[in-house]
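Below is one structure, written out as structure tokens; comments come after it.
The values are calculated or read from the model by the stated rules, or taken from the named source; none is laboratory data. Computed from a predicted structure; not experimentally measured. In this analysis, Cβ positions are derived from the backbone assuming ideal geometry, glycine residues included, and neighbour counts consider all displayed protein chains. With ligands, DNA and RNA removed, areas are computed over all heavy atoms of the protein, side chains included. Shrake-Rupley method; radii C 1.70, N 1.55, O 1.52, S 1.80 Å.
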Amino acid sequence: MSLFAINNIIHLKECSSTNDYLISLNKKSNCKEGTVVSTDFQTKGRGQRNNVWYSQKNSNLIFSFIIQPSLPISYQFFLNIFTSLSIYHVLKTILGENIRIKWPNDLLYSKDKIAGILVENIISGKKIQKSIIGIGINVNQKEFPLENATSIINVLSQRYKREDLLIFVFKELEKHYNLLINKKFNLLYTNYLSVLYNINKKVFFLKKGKKYNGIIKGINNFGSLKIEVNKKIKLFSHGEIKLLKK
Ligand code: BTN
């Protein structure tokens, strides 16, 4: 059976945030795995680290879905891995080889952000009971308030139909979700590392306001970033450091 079914998609003209909508819908009526909420406009779109996710009206792909992966909490980073790999494959097919995943789960075209992912887990005991995953892909928006952002239209110089893109994304999510529930952790991990932005390259990062540099060496199983600093491998969680552009 497919994860996503047409009758499980709720499309809203506008909402505060599709993640928030799905979280409260799930509280009220216990959503089925594969329930999707998509919208044309979010008034309070959220990004990682309490950032705002701004997306022009009627221009981009904005949606969230709910899954019930039955994973121990220690595997929660694999939710970020399977999702970012899915979006990576979609964008690579459309835009070519310049797509990379920037740790933990940003999608870049060259150095510019083209999609973002927000994973929010409902934990019960030591298990992930449900996970709400929100995805924003810049599709037909040409101008951005922030530097270093781009979209499919800016790369291809032509519009892309959001409905077609959603179907494509569902296909890849389904494929990679099957790898996850079939416990193909090694494969997901290796595939993620093979497309990680700046792997084995020197990067600058901020930790507690201080600037450091080091070489990205990969991630551990919990999703912490491995950076070689002064010839020693150090682990950093998301939230602990901010990778800088230079
Ligand atoms: C990030 O890059 O910081 C994550 C951005 C995630 C944005 C998506 S858009 C759909 C869903 N609803 C939200 O409020 N955020 C996510």
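Surface composition of the stretch 202-243: carbon and sulfur make up 49 percent of the accessible area, probe 1.4 Å.
The trypsin sites (Lys or Arg not before Pro) of the stretch 7-72 that meet both conditions, a loop assignment by DSSP and at most 13 other Cβ atoms within 10 Å of the site Cβ, are 13, 32, 44, 57. Here the contact order of the chain, divided by its residue count and restricted to Cα pairs under 8 Å and six or more residues apart, works out to 16 percent.
Which whole-angstrom value gives the distance between the alpha carbon centres of the stretch 202-242 and the stretch 32-68? If you average the Cα positions of each part, the centres end up 29 Å apart. Taking only alpha carbon atoms, the stretch 137-246 gives an Rg to Rh ratio of 1.05, where Rh is the Kirkwood radius. Computed from backbone phi, the HN-Hα couplings of the stretch 202-211 come to 6, 10, 10, 8, 9, 9, 6, x, 9, 8 Hz, rounded to whole numbers (Karplus: 6.51 cos²θ - 1.76 cosθ + 1.60, θ = phi - 60°; Gly and Pro given as x). Distance between the pseudo-spin-label points of residue 245 and residue 11 (7 Å out from Cα toward the beta carbon): 3.5 nm.
Computed 3J(HN,Hα) for the stretch 171-188, one whole-Hz value per residue from the Karplus formula 6.51 cos²θ - 1.76 cosθ + 1.60 where θ = phi - 60°, is 4, 5, 4, 4, 4, 6, 5, 5, 4, 5, 6, 8, 6, 7, 5, 4, 5, 4, glycine and proline marked x. Volume per residue for the stretch 202-243 equals 59 cubic angstrom (convex hull of Cα atoms). Size descriptors for the stretch 1-123: radius of gyration and Dmax over Cα atoms are 14.7, 43 Å. Here the Karplus curve 6.51 cos²θ - 1.76 cosθ + 1.60, taken at θ = phi - 60°, turns the phi angles of the stretch 114-125 into couplings of 10, 7, x, 9, 10, 9, 10, 9, 9, 9, 9, x Hz, with x standing for Gly and Pro. Eigen-decomposition of the gyration tensor built on the alpha-carbon atoms of the chain gives equivalent ellipsoid semi-axes of 27, 22, 17 angstrom, largest listed first.
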